Amino acid sequence: MTTRRGFLRGSALSAAGGLLGSLPLARAAAPLTRSFAPQRLLNGEALQTQDFNGAGSLRAHAEARRLLTGCAVIPGKLRDDPEYASLVAAQANIIVPENALKWEQLRPAVGLFNFTEADAVVAFAAAHGQRVRGHTLCWHNQLPRWFASTATPENARQLLTEHIQRVAGRYAGRMHSWDVVNEAVDSENGRSDGLRKTPWLALLGDDYIEYAFKTAHAADPQALLTYNDFDIELDTPEQARKRAKILQLVRKLKGRGTPIDALGIQSHLGTTEAPAGAGLRSFVRELRRLGLQVFITELDVNDRKADGLVPDRDQAVARVYAQYLGLMLAEPNVTAVLTWGITDRYTWVGNKDPRPDGTPPRPLPFGPDYRPAPAFFAVRDSFDARTLA
Ligand code: G3I
């Protein structure tokens, strides 16, 4: 078994001067038996807060490799839970509101916008020197209740235009990137273009994605415009088909001069699936050829099916983080790593599908007690192993 110290030495070598030129690819096949530092360091000393804050934080290690790292945040908790707020401030150089920029939350009634929570996230980021991602301008989920009874083929384009102009316009110049369109592909529904059958497609026709990107660019020319989707990480036939449809979409958008800068790969992973591999790697490389950056936008690792006690589950989760980030961070166009939450105290994982034994899930880099889990060290080591171009 590789020790943590041995692993760190390998990382230092690669950082020192590219002695191991092909290391990033070799790391993709990191042995699944490695273990990650738990609550005690190798010398037996208890982990101190300075070991994972300041120079020891994910933020500092990412910045040393010119990476963005951060998490989805909940504005109410940033306000009411000081420990959570400190953790987000210490660990992230980019944040994204988990729900506060969705239609449902921004638009409680026809003609009414409520920016209070989204503004709070943008203000928090400004106060802590962080960038912000916007999620999301056009999605078929979390639309307000009034949408279905109000939107028609006649007014839908105006509704979407007004939304993008008001929302992206409000934060223009302050957003690192926007998930302009979210989850618009469904490779299994028989349509040759692979577009998901959503209200937007039904109301606006198949050019709505291009239209959304062009409108977003006009509203905020500085933000990196992103298409974001899920279930495109693994080497299963379904996920390979979905990647192919997304590439088809991106090529079409690029061919028509649409301003698209990045692909968001959500990365909701689990402990029991076969790991991501060659399919994802060639997808990321093809996106690079097309001139796109890749952001890991919603990373977490569901341990619903992991056996054993908490320490075993935590190691299983950490191994998935290490394997996945080893693969992804070997690709130079992967420039941001965001987890969907930062502490297991607040996570969407398990909302719909709890663990059979009823215990809370542990999918994130920090435990419910705000102490770093083995996943934290896996993420940090992956940053350290990133070679600079
Ligand atoms: O805001 C209401 C609140 O008023 C109400 O009292 C409460 C009672 O259930 O519900 C609240 O809404 C919840 C909302 O999160 C805000 O907390 C919804 O029920 C709940 O379904 C919703 O879940 C969100 C989910 O998207 C909806 O699809 C999760 O928090 C959020 O993590 C999740 O995020 C998505 C990304 O946007 C896209 N990719 C997948 C990812 C995970 O599903």
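The figures follow:
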read-out	value
Under 14 Å, Cβ to Cβ, from R285 - net charge with Lys/Arg +1 and Asp/Glu -1	+2
Helix-derived mean residue ellipticity, 222 nm - over the chain, DSSP H n ≥ 4, -39500 (n - 2.57), to 500	-12000 deg cm²/dmol
Cα gyration tensor shape of the stretch 121-255, rounded if a/c is under 1.5, else prolate or oblate by comparing a/b with b/c	oblate
Accessible surface of the stretch 125-279, 1.4 Å probe, proportion on carbon and sulfur as whole %	50 percent
DSSP-defined beta bridges in the chain - what % are antiparallel, rounded to 5	10 percent
Rounded to 10°, Cα long-axis angle of helix 374-384 versus longest principal axis of the chain	80 degrees
For the chain, built as a Gaussian network whose Cα springs stay under 10 Å, the top-fluctuating residue of A148, A72, A126	A148
Trypsin sites (Lys or Arg not before Pro) restricted to DSSP loop in the stretch 332-389 with at most 16 other C-beta within 10 Å	K352
Around F113: net Lys/Arg minus Asp/Glu count, Cβ-Cβ under 13 Å	0
With Cα atoms, 0 to 90° folded angle of helix 278-289 axis to the chain main axis	60 degrees
Two-site FRET efficiency, N114 against D307, from Cβ-Cβ distance with R₀ of 41 Å, rounded to 0.05	0.40
Gaussian network model of the chain, springs between alpha carbon atoms under 10 Å - residue of T226, T339, T272 with greatest fluctuation	T272
Gyration tensor verdict on the stretch 184-253 (Cα atoms; rounded if a/c is under 1.5, prolate if a/b is larger than b/c, oblate otherwise)	oblate
Extended-chain gain in nm, criterion 0.36 nm per residue less alpha-carbon gap, W348 and A148	69.5 nm
Residues of the chain: accessible area per residue with a 1.4 Å probe, Å²	41 Å²
Overall form of the stretch 132-190 per C-alpha gyration tensor (a/c, 1.5; a/b vs b/c)	oblate
Whole-Hz couplings from phi, Karplus 6.51/-1.76/1.60, listed for the stretch 188-205; x for Gly and Pro	9, 9, x, 6, 5, 7, x, 6, 5, 7, 10, x, 5, 5, 5, 7, 10, x
Inter-label distance for R241 and A64, nm, one decimal - labels placed 7 Å from Cα along Cα-to-Cβ	4.5 nm
Average Cα contact separation per residue, the stretch 262-389, under 8 Å, 6 or more apart, as relative contact order %	28 percent
Acute angle (nearest 10 degrees) that the helix 310-328 long axis makes with the longest principal axis of the chain, alpha-carbon atoms	70 degrees
Relative contact order, percent, the stretch 152-205 [alpha-carbon distance under 8 Å, six or more residues apart]	39 percent
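The values are calculated or read from the model by the stated rules, or taken from the named source; none is laboratory data. Predicted model only: the values in this text are computed from it and were never measured. Note that each Cβ is placed from the backbone with ideal geometry, even for glycine, and that neighbours are counted across all protein chains shown. Heads up: the accessible areas ignore ligands, DNA and RNA and are worked out on the full protein's heavy atoms, side chains in. Shrake-Rupley method; radii C 1.70, N 1.55, O 1.52, S 1.80 Å.
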